[in-house]
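Visitor: This is the structure I have questions about; it appears just below.
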Amino acid sequence: AAKARGGGCYAFCSQELREEAQQKKVLVSGLYRALDKGELVVYYQPQVDAATGNIVGVEALLRWVHPELGFLLPDSFIPLAEQTGLIIPIGEWVLQTACSQLAAWKKKGLRIHRVAVNLSPAQLRDPQLTDKVHKAVEKAGIFPDNLELEVTESAVFQNPDEVIALLQELKKLGMRVALDDFGVGYSSLIRLKMLPVDRIKVDRRFFREIPSNRRDVAIVENIIQLARSINAAVIAEGVENGQQLEFVVDRGCYEIQGYYYYHPLPPEEIEALLLRTQDRKD
Ligand code: C2E
Ligand code: MG
Ligand code: MG
Ligand code: MG
């Protein structure tokens, strides 16, 4: 990195590295207590059926309200949670929180049947994962198929046999499985066919230059086609504008999760939104 920035910056760069390491230490020590101190919160981003405008599900997305640094997005602390193993208790908490949030919405008569929760590679290696997922669903009193578990394509193919077995176990319990960030690793059809997946989430990176970039156009078209051929549903993540929406809808992908419709929102805003959109429909 130092070299790339040119010859004369060694002193500066080492100071920069020290600051980075220091920042990391501050974050890690804070992360150990964040759960107990109630600093972690779960936001939810609606998943919309473009044909009707109805919200068909939500994805649980973690945020950290840091006492000094403020509102932190997962990219700034999930990797640290992953490295330190803290993602295990944090991930379990997200599962429990998301399941009981869905139960609370359903109890209020709101029509919402799917909450999706991200599972990190470390969680996929946790021998107690199935048990924890099962308990979260039972304790909340939701149906297993109300819960969708998101695993990234790259996490799966780090360890295909183990993860496939795990996903089969979860499917047996009735949970749904989505393949997140799909297209980046570009799995072969053969490997994909062995995976018990209900839904493929097209990675948002492919939409940035849709419809102008011909390569991205071809990739997205192929992914939609691929999903169809393995009988999986497909959802487009990161749709931000009307052109991108039109593009995917024209190709038969109606489920959308993106800023075009909604950003991730705190639970009380989701509740208000569900009330509003359901009123409109009735
Ligand atoms: P992801 O699972 O792929 O989640 C979707 C990300 O795309 C979210 O970022 C969401 O805010 C963002 N997004 C959605 N629509 C748009 C759009 O139209 N434009 C743009 N630019 N972005 C959009 P977020 O919330 O920052 O989360 C980032 C990643 O952090 C997630 O990517 C997921 O990998 C990870 N993550 C979040 N919550 C958890 C969690 O509870 N556990 C684990 N293990 N990972 C999590
Ligand atoms: Mg996800
Ligand atoms: Mg994704
Ligand atoms: Mg991601």
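Visitor: Out of all the residues in the range 40-60, is one or more touching a strand residue (DSSP E or B) at 6+ places or on another chain (Cβ under 8 Å) and among the hydroxyl-bearing types (Ser, Thr, Tyr)?
Guide: Yes, because at least one residue in the range 40-60 is touching a strand residue (DSSP E or B) at 6+ places or on another chain (Cβ under 8 Å) and among the hydroxyl-bearing types (Ser, Thr, Tyr).
Visitor: Could you grab the pairs with beta carbons closer than 6 Å, sequence gap of 6+ or different chains, first residue in the range 219-240 and on the phi > 0 side of the Ramachandran plot, second one in a helix (DSSP H, G or I) and open to solvent by 40 Å² or more (accessible area, probe 1.4 Å)?
Guide: Every condition considered, the pairs that remain are 238/204.
Visitor: Is it true that residue 104 is of a type in the set (Gly, Ala, Ser) and buried (at least 16 other Cβ atoms within 10 Å of the Cβ)?
Guide: In short, no.
Visitor: Taking the conditions exactly as written (open to solvent by 30 Å² or more (accessible area, probe 1.4 Å), closer than 24 Å to residue 149 by Cα and more than 16 Å from ligand 2 (Cβ to nearest atom)), does residue 205 satisfy them or not?
Guide: No.
Visitor: Please count how many residues of the range 142-163 are touching a residue at least 12 places away in the same chain (Cβ under 8 Å) and open to solvent by 20 Å² or more (accessible area, probe 1.4 Å). Don't jump to the end; show me each part of the working.
Guide: Step one: of the range 142-163, the residues touching a residue at least 12 places away in the same chain (Cβ under 8 Å) are 142-160, 162-163.
Those still in the list that are open to solvent by 20 Å² or more (accessible area, probe 1.4 Å) too: 143-145, 152, 154, 157-160, 162.
Of the residues in the range 142-163, 10 are touching a residue at least 12 places away in the same chain (Cβ under 8 Å) and open to solvent by 20 Å² or more (accessible area, probe 1.4 Å).
Visitor: Looking only at the range 145-178, filter to residues that are among the charged types (D, E, K, R) and not in a strand (DSSP E or B); which one of those is nearest to ligand 4 (Cβ to nearest atom)?
Guide: Step one: of the range 145-178, the residues among the charged types (D, E, K, R) are 145, 148, 150, 153, 161-162, 169, 171-172, 176.
With the extra rule that they be not in a strand (DSSP E or B), the set shrinks to 145, 153, 161-162, 169, 171-172.
Details: 145: 24, 153: 10, 161: 23, 162: 21, 169: 24, 171: 22, 172: 27 Å.
Within the range 145-178, the match that is nearest to ligand 4 (Cβ to nearest atom) is 153.
Here is a yes/no grid of residues against (1) at pLDDT below 90; (2) within 16 Å of ligand 3 (Cβ to nearest atom); (3) over 21 Å from residue 254 (Cα atoms):
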{"site": "132", "(1), (2), (3)": "no, no, yes"}
{"site": "136", "(1), (2), (3)": "no, no, yes"}
{"site": "140", "(1), (2), (3)": "no, no, yes"}
{"site": "145", "(1), (2), (3)": "no, no, no"}
{"site": "158", "(1), (2), (3)": "yes, no, yes"}
{"site": "172", "(1), (2), (3)": "no, no, yes"}
{"site": "186", "(1), (2), (3)": "yes, yes, yes"}
{"site": "189", "(1), (2), (3)": "yes, no, yes"}
{"site": "198", "(1), (2), (3)": "no, yes, no"}
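Visitor: Quick one: in the range 67-100, which of the residues that are touching a Ser or Thr at 6+ places or on another chain (Cβ under 9 Å) and either in a strand (DSSP E or B) or farther than 15 Å from residue 128 by Cα (or both) is least open to solvent (accessible area, probe 1.4 Å)?
Guide: Filtering the range 67-100 for residues that are touching a Ser or Thr at 6+ places or on another chain (Cβ under 9 Å) and either in a strand (DSSP E or B) or farther than 15 Å from residue 128 by Cα (or both), the one least open to solvent (accessible area, probe 1.4 Å) comes out as 81.
Visitor: Could you list, in sequence order, all residues of the range 248-264 that are closer than 19 Å to residue 73 by Cβ and open to solvent by less than 30 Å² (accessible area, probe 1.4 Å)?
Guide: Hits for the range 248-264 are 257, 258, 264.
Visitor: Sticking with this structure for a sec: Among 62, 35, which is the only one that is aliphatic (A, V, I, L, M) and under 17 Å from residue 264 (Cα atoms)?
Guide: 62
Visitor: With respect to residue 210, is the statement that it is at pLDDT below 95, away from ligand 2 (no atom under 16 Å from the Cβ) and within 30 Å of residue 99 (Cα to Cα) true?
Guide: no
Visitor: Residues of the range 113-132 being more than 23 Å from residue 235 (Cα to Cα) and either more than 15 Å from ligand 2 (Cβ to nearest atom) or touching an Asp or Glu at 6+ places or on another chain (Cβ under 6 Å) (or both), which ones?
Guide: If we filter the range 113-132 for residues that are more than 23 Å from residue 235 (Cα to Cα), which is where we start, we get 122-123, 125-132.
Selection gives 122, 125, 126, 127, 128, 129, 130, 131, 132.
Visitor: A follow-up question, please. Which of the residues that make up the range 192-241 are in a strand (DSSP E or B) and either away from ligand 1 (no atom under 13 Å from the Cβ) or of a type outside the set (Lys, Arg) (or both)?
Guide: Those that are in a strand (DSSP E or B) and either away from ligand 1 (no atom under 13 Å from the Cβ) or of a type outside the set (Lys, Arg) (or both): 200, 202, 233, 234, 235, 236, 237.
Visitor: Residue check: is residue 109 open to solvent by 20 Å² or more (accessible area, probe 1.4 Å) and either under 22 Å from residue 266 (Cβ atoms) or within 16 Å of ligand 3 (Cβ to nearest atom) (or both)?
Guide: It is true that residue 109 is open to solvent by 20 Å² or more (accessible area, probe 1.4 Å) and either under 22 Å from residue 266 (Cβ atoms) or within 16 Å of ligand 3 (Cβ to nearest atom) (or both).
Visitor: Now for a separate question. Kindly indicate the residue of the range 13-66 that is within 16 Å of ligand 4 (Cβ to nearest atom) and either open to solvent by 40 Å² or more (accessible area, probe 1.4 Å) or among the acidic types (Asp, Glu) (or both) and also nearest to the chain's Cα centre (by Cα) among those meeting that condition.
Guide: Applying the filter and picking the extreme gives 59.
Visitor: Another one. What is the one condition in (1) surrounded by 13 or more Cβ atoms within 10 Å (Cβ to Cβ); (2) part of a loop (DSSP other than H, G, I, E, B) that residue 181 does not satisfy?
Guide: (2)
The values are calculated or read from the model by the stated rules, or taken from the named source; none is laboratory data. The model shown is predicted, which means the values in this text are computed figures rather than measured ones. Methodologically, a virtual Cβ is constructed for each residue, glycine included, from the backbone with ideal geometry; neighbour enumeration extends over all protein chains shown. Surface accessibility is based on the protein's heavy atoms, side chains included, excluding ligands, DNA and RNA. Shrake-Rupley method; radii C 1.70, N 1.55, O 1.52, S 1.80 Å.
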